[in-house]
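K.L.:
Take a look at this one; I'll ask things after.
The values are calculated or read from the model by the stated rules, or taken from the named source; none is laboratory data. It should be emphasised that the depicted structure is a prediction, and the values quoted were computed from it without experimental measurement. Methodologically, a virtual Cβ is constructed for each residue, glycine included, from the backbone with ideal geometry; neighbour enumeration extends over all protein chains shown.
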Amino acid sequence: MNDPEHELFEDELRRLAPATPPAELMARLANVPRNCPQPVTFNPQPLWRLLARWLVPAAAAAGLAAILLGSWAQPKAARPRVKAVVPPPKPASKPDEIEIDRQLVALFDTVAKLPNGEPVRFRCREWTDEVTLRDPDHGLVIERRTPRLEVMPVSIETF
């Protein structure tokens, strides 16, 4: 806002002097009790206490580091030489045939009671999941069978 009226108003405000507060207000402020908490004062501590606060943990850390470095930096003659024997990588076998099968083993219904005494019917199915991997190049056949149970609540028909 660079309009002339605004600039004149600001100039007039700069020339004004602040008014002095009324004497009654100043007297009331002087008689206000000081219930504020005491200001925090700095209690100087002895130098040895300040140094101990920082030097003791630093010395402990330096001692631990020295012990660890000393144990790792043993002379080469003291360390037993062990050569790891790594067998050459074998080509991964890739199965030519993969079969995934699931068979229904059993199907039955059962009735149970809820904690409040109400009967609930469950339909249960027992399955066997089977996965077969075959690699005829290496004569490898891997079969895995896993049983599985499905339980589904079914409403009870009442007549």
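K.L.:
Is it the case, given these coordinates, that T20 is loosely packed, with under 10 Cβ neighbours inside 10 Å, modelled with pLDDT of 80 or more, among the hydroxyl-bearing types (S, T, Y) and outside any helix (DSSP H, G or I)? So that I can check it myself, show each step before the final result.
P.N.:
Numbers: loosely packed, with under 10 Cβ neighbours inside 10 Å: yes; modelled with pLDDT of 80 or more: yes; among the hydroxyl-bearing types (S, T, Y): yes; outside any helix (DSSP H, G or I): yes.
When the stated conditions are applied, T20 passes them.
K.L.:
While we're on this one: Among the residues of segment 89-99, is there at least one that is closer than 30 Å to V151 by Cα and either modelled with pLDDT of 75 or more or under 39 Å from the mean Cα position of the chain (by Cα) (or both)? It would help to see each step written out before you state the result.
P.N.:
We begin by selecting, within segment 89-99, every residue closer than 30 Å to V151 by Cα; these are 98-99.
Now restrict to residues that are either modelled with pLDDT of 75 or more or under 39 Å from the mean Cα position of the chain (by Cα) (or both): 98-99.
So far as segment 89-99 goes, yes, one or more of its residues are closer than 30 Å to V151 by Cα and either modelled with pLDDT of 75 or more or under 39 Å from the mean Cα position of the chain (by Cα) (or both).
K.L.:
Next question. For residues that are among the basic types (K, R) and touching a Ser or Thr at 6+ places or on another chain (Cβ under 9 Å), tally how many sit in segment 108-159. Let's see the steps before the verdict.
P.N.:
As a first pass, look at segment 108-159 and keep what is among the basic types (K, R): 113, 121, 123, 125, 134, 144-145, 148.
With touching a Ser or Thr at 6+ places or on another chain (Cβ under 9 Å) added as a condition, the list becomes 121, 123, 144-145, 148.
Adding up the residues that qualify gives 5.
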